[in-house]
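The values are calculated or read from the model by the stated rules, or taken from the named source; none is laboratory data. Predicted, not measured: the structure shown is a model, and the values here were computed from it. Cβ placement follows ideal geometry from the backbone for every residue including glycine, while neighbour counts extend to all protein chains displayed.
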Amino acid sequence: MSSKTVRTKHSSPVKVALASFIGTSIEYYDFFIYGTAAALVFPQLFFPQTSPLVGTLLAFATLGVGFLARPVGGVLFGHFGDRVGRKKMLVISLVGMGLATLGMGLLPTYAQIGIIAPILLTVLRLFQGVMVGGEWGGAVLMAVEHAPKGKKGFFGAFPQTGAPVGVALATVSFLAISNLPEEQFLAWGWRLPFLASALLVIVGLVIRMSIAESPAFAAARTTQSLVKVPLVEAFKRHPKEIFLIAGTYLSQGVIAYIAMSYLVNYGSTVVGLQRSETLIGVLIGAVVAAVLTPTFGAISDIWGRKTIYFLGAVLILLTIGPAFMLINTGAVPGFVAGVVIMYGIATAPASGTTGSLFSMVFSREVRYTGASVGYTISQIAGPAFAPMIATSLYAAFGTSDAVVVYLLVIATISVVSVSLLPGGWGKAEARHNQEITDRESDGEWAGAPTPEPTPVPAPAQA
């Protein structure tokens, strides 16, 4: 009876998926416009006392600082998300992210307040990192845990689709101002994408406030199976899975930040393209990724989440070299093709299955914490300083071959990690996934390994 009562309070899966998609799109827009600005304007405005190379490295370093704060957000929001609910944490993360981004848009530059400017920029970036560290896990869980039976892969892909859409929005916002005279672009034009975030956050907040709490969390609360310290419990139950997820996500995250941040700078300073041309290349790659991500999410419900993710990890490995060959042609079509192949196409199978694969590895009582911590560990190890590492490698060796080797090592780690995750392959894996989700829908525990279930108290005798 109690389980039926909980179910009547659900929001429709489509509404929740769209809310998760819109929310993550806005939050990743906020996070990604920083990466674009770090490539195009921050070296001149916040680190003008250095050489162009050092200024770029310092700007990319502040980009990485945001990732260092993501585990804090993952642990903090994961703890309360597993204790008091997914929805409340998503509202807090969205508002916090919007405030940090708005602050960046209003921030005085080095010429106005000196060394205080880059310090404040770094502090705001740290705050952004905490907020987005709590965003991903909650958005994914809301979509996956509301999903109907047999469609967790498809619905879990919606929050992931928010990432390339966020990249596209961030790129469009800078494209809109890219043709301003350089003086106006550096004086006030670059601020507009940051200030526009306030309007987007209001839209996202209205939508998120309208959806119901996750049914899996509601069931856990109803059966009194919440845990006191989710972080400790997650590492106790799933230590192997946490670190395998970190390794699995590594190449997907690195390629995304190489595409939307490093290649924007590389294309305009090394290859010789116009700023707007590199932004168009990233925009097209992001649009392709946004279309293919939910497609592969749906396919994973048939062929298995681990199987489809493995396909993506192998595609990333195989396309890195050819993509850089196209980028280095110096022609706009070559640059666009390289970005689309490596980012838009190759990462899509992995991105489409990230939400459902990563979340369903964990039992529901520690799912927010486990998925968030594994994901954010990967963010520090990979994407955090990938643009800075790539810039340093090119400066040291004078060739993109060094960057390619670095990316190949990262991609190999992901291929090995996903192959070691629990579960079979192909349709057998898909059938096993369905059995697990059916048990959870019927009130049982999910995850691998599955702990002993907490007994539900018997109804009181009349």
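Are any residues in the range 327-344 closer than 17 Å to A390 by Cβ and touching a Gly at 6+ places or on another chain (Cβ under 6 Å), and if so, which ones?
Answer for the range 327-344, where residues must be closer than 17 Å to A390 by Cβ and touching a Gly at 6+ places or on another chain (Cβ under 6 Å): I327, F335, V339, Y343.
In the range 349-367, is there at least one residue being of a type in the set (S, T, N, Q), more than 18 Å from A411 (Cβ to Cβ) and assigned to a helix (DSSP H, G or I)?
yes
Given the conditions (1) assigned to a helix (DSSP H, G or I); (2) surrounded by fewer than 24 Cβ atoms within 10 Å (Cβ to Cβ); (3) of a type outside the set (S, T, Y); (4) modelled with pLDDT under 75, report the number of the one that P148 does not fulfil.
For P148, the failing item is (1).
Just to be sure, is L76 in contact with an Asp or Glu (Cβ under 9 Å, 6 or more places away or on another chain), modelled with pLDDT of 70 or more and either buried (at least 24 other Cβ atoms within 10 Å of the Cβ) or closer than 25 Å to A157 by Cα (or both)?
No; evaluated as a whole, the condition is false for this residue.
Out of (1) in contact with a Phe, Trp or Tyr (Cβ under 8 Å, 6 or more places away or on another chain); (2) within 23 Å of A348 (Cα to Cα); (3) among the aliphatic types (A, V, I, L, M), the odd one out for A117 is which?
(2)
Taking the range 327-344 as the region of interest, how many residues are part of a helix (DSSP H, G or I) and surrounded by fewer than 19 Cβ atoms within 10 Å (Cβ to Cβ)?
3
Name the single residue that is surrounded by the most Cβ atoms within 10 Å (Cβ to Cβ) among those in the range 389-398 being in contact with a helix residue (DSSP H, G or I) (Cβ under 9 Å, 6 or more places away or on another chain) and without any contact (Cβ under 8 Å) to a residue 40 or more places away in the chain.
I389
To keep it simple, each residue is scored yes or no on (1) modelled with pLDDT of 75 or more; (2) crowded, with 20+ Cβ neighbours inside 10 Å; (3) under 28 Å from R305 (Cα atoms).
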residue: G137; (1), (2), (3): no, yes, yes
residue: E183; (1), (2), (3): yes, no, no
residue: A187; (1), (2), (3): yes, no, no
residue: A212; (1), (2), (3): no, no, yes
residue: L231; (1), (2), (3): no, no, yes
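Pick from I258, I284, I245, I280: which is crowded, with 24+ Cβ neighbours inside 10 Å, aliphatic (A, V, I, L, M) and closer than 28 Å to V332 by Cβ?
Sole residue among the options that is crowded, with 24+ Cβ neighbours inside 10 Å, aliphatic (A, V, I, L, M) and closer than 28 Å to V332 by Cβ: I258.
Got at least one residue in the range 108-117 being buried (at least 24 other Cβ atoms within 10 Å of the Cβ) and either free of Cβ contacts under 8 Å to residues at least 12 places away in the same chain or in contact with a Lys or Arg (Cβ under 9 Å, 6 or more places away or on another chain) (or both)?
Going residue by residue through the range 108-117, those that are buried (at least 24 other Cβ atoms within 10 Å of the Cβ) are none.
Among the residues of the range 108-117, not one is buried (at least 24 other Cβ atoms within 10 Å of the Cβ) and either free of Cβ contacts under 8 Å to residues at least 12 places away in the same chain or in contact with a Lys or Arg (Cβ under 9 Å, 6 or more places away or on another chain) (or both), which makes the answer no.
Take G304 and tell me if it is in contact with an Asp or Glu (Cβ under 7 Å, 6 or more places away or on another chain) and surrounded by 23 or more Cβ atoms within 10 Å (Cβ to Cβ).
yes
Answer yes or no as to whether A346 is of a type in the set (A, V, I, L, M, F, W, C), modelled with pLDDT of 85 or more and in contact with a Phe, Trp or Tyr (Cβ under 6 Å, 6 or more places away or on another chain).
So A346 does not fit the description; no.
Collect the residues in the range 88-129 that are among the small types (G, A, S) and farther than 25 Å from G162 by Cβ, keeping them in residue-number order.
A111, G114, A117
Looking at the range 381-404 only, could you name the residues that are farther than 30 Å from L126 by Cα and in a helix (DSSP H, G or I)?
F397, D401, listed by residue number.
If A381 meets every condition in (1) without any contact (Cβ under 8 Å) to a residue 24 or more places away in the chain; (2) of a type in the set (G, A, S); (3) under 20 Å from Y249 (Cβ atoms) apart from one, which number is that one?
Result: A381 fails condition (1) only.
For T307, indicate whether it is under 17 Å from the mean Cα position of the chain (by Cα) and more than 22 Å from S400 (Cβ to Cβ).
Considered against the rule, which asks whether it is under 17 Å from the mean Cα position of the chain (by Cα) and more than 22 Å from S400 (Cβ to Cβ), T307 comes out as no.
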